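To start, the structure itself, in structure tokens.
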Amino acid sequence: MPKIIGLTGGIGSGKTTIANYLVSLGFPVYIADDAGRKVMQETCVIDAIKEKFGAEIFEDNVLNRAKLAKIVFDDPEQLKILNAIVHPAVKNDFNNWLEQHLESSLVFYESAILFESGSYKNFDTIITVVAPLEMRIARVLERDNATREQVLNRIKAQWTDEQRISKSDFVIENLNIDYSTQKIDEILKILSIS
Ligand SMILES: CC(C)(COP(=O)(O)OP(=O)(O)OC[C@H]1O[C@@H](n2cnc3c(N)ncnc32)[C@H](O)[C@@H]1O)[C@@H](O)C(=O)NCCC(=O)NCCS
Ligand SMILES: Nc1ncnc2c1ncn2[C@@H]1O[C@H](COP(=O)(O)OP(=O)(O)OP(=O)(O)O)[C@@H](O)[C@H]1O
């Protein structure tokens, strides 16, 4: 059974960038955002979302993600409802994915909400990526063509870096990609020894 390493960090911290580096090294990495998108195309999940949020957030049976994002990131109670629908499906999807990687010694689970969702309890080690708040916001504004308010609403739905650091085994301050990849290399050496 592989050791499962959680990789987390707030929106715009750079965890997907670091996840891509791990993939380039040949490690199996499970990307929770991608899994979320995948399971949200399953009929049972679509039906549950329609029931709770209304069919009007779908156009030609395709979910308008921006419309749903507005609803759930403006109201924590609505986000809880959506999480309760999607997260169990992602957990099931991850277990199926893990079955494909039983021969690996190390696999990674990348998600912005490892702590918030409680899934960190299933992992041996947690690596958290951090960056100054304004740097994270600027990165997401550029990447997603989002508004500052939209980014801040997502940040409000997530733990703070201080909260994450207090429960992490390793912390990478991702100001510079070269430094971050060097830090990951150091962590990998420690993990492969332990
Ligand atoms: C509301 C949705 C449709 C918006 O989709 P959109 O394409 O705009 O965002 P995407 O899913 O790519 O997420 C982008 C980033 O938003 C943040 N975010 C997404 N979901 C959540 C959440 N439940 N809580 C806090 N932050 C979140 C994360 O930083 C994530 O990396 C989508 O985020 C969603 O379905 N979220 C609930 C399910 C979920 O938690 N998915 C993420 C991992 S399982
Ligand atoms: N050290 C860095 N220097 C400059 N830009 C960076 C750095 N790290 C990441 N980025 C860029 O910042 C943006 C956010 O990075 P990334 O997508 O990896 O964040 P994330 O933590 O996965 O965010 P999300 O929670 O939205 O998935 C991307 O456009 C990425 O290319």
When DSSP assigns beta bridges and you keep just the ones with both residues in region 3-193, what percent turn out antiparallel, to the nearest 5? 10
Please identify the GluC sites (Glu not before Pro) of region 72-162 that satisfy two criteria: DSSP loop assignment and at most 14 other Cβ atoms within 10 Å. Which are they? GLU103
In sequence order, calculated HN-Hα J values of region 25-31 (Karplus, 6.51, -1.76, 1.60; Hz; x Gly/Pro): 7, x, 7, x, 10, 9, 9
How do 167-174, 152-159 rank on mean C-beta neighbours within 10 Å, highest first? 167-174, 152-159
Along its three principal axes, how long is region 49-115 when you only count alpha carbons? Whole Å, largest extent first please. 45, 28, 17
Over the chain, relative contact order from alpha-carbon pairs under 8 Å, at least 6 apart, %: 38
PHE58's amide H: which non-local residues (gap 5+, or another chain) put their own amide H closer than 5 Å, with H modeled 1.01 Å from N in plane and none for Pro or chain starts? ASN64
Rounded to the nearest 10 degrees, what's the angle between the helix 133-144 long axis and the longest principal axis of the chain, both from Cα atoms, 0 to 90? 60
Mind listing the long-range amide H neighbours of LEU106? Cut-off is under 5 Å, sequence gap 5 or more, other chains count too, H placed in the peptide plane at 1.01 Å from N. LYS3
Using alpha-carbon coordinates, inclination of helix 177-193 to the longest axis of the chain, degrees: 70
Ranked packing of 24-36, 177-189, most packed first, by mean Cβ within 10 Å: 24-36, 177-189
Fully extended contour minus Cα-Cα distance, from ARG143 to GLU56, at 0.36 nm per residue: 28.6 nm
Assign one of three labels to the chain, namely rounded, prolate or oblate, based on the Cα gyration tensor with a ≥ b ≥ c the square roots of its eigenvalues; rounded applies when a/c is under 1.5, prolate when it is not and a/b is larger than b/c, and oblate otherwise. oblate
Fewest Cβ neighbours within 10 Å first, please rank ASP161, ASP74 accordingly. ASP74, ASP161
Per-residue HN-Hα couplings for region 33-47 [Karplus 6.51, -1.76, 1.60; θ = phi - 60°; Hz; x = Gly/Pro]: 4, 5, 5, x, 4, 5, 5, 6, 9, 7, 3, 5, 6, 4, 4
Using the alpha-carbon centroid of each, what span in Å lies between region 143-194 and region 26-78? 24
Hey, in the GNM for the chain with a 10 angstrom Cα cutoff, which one of ALA131, ALA55, ALA66 fluctuates hardest? ALA66
As a test of the formula, what do you get for the chain when each DSSP H run with n ≥ 4 contributes -39,500 (n - 2.57) and the sum is divided by the residue count, at 222 nm and rounded to the nearest 500 deg cm²/dmol? -17500 deg cm²/dmol
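Values in this text are rule-based calculations from the coordinates and carry no lab data. In this text, all values refer to a predicted model and were calculated from it rather than measured experimentally. When we count neighbours, we look across all protein chains shown, and the Cβ atoms used for this are built from the backbone with ideal geometry, even at glycine.
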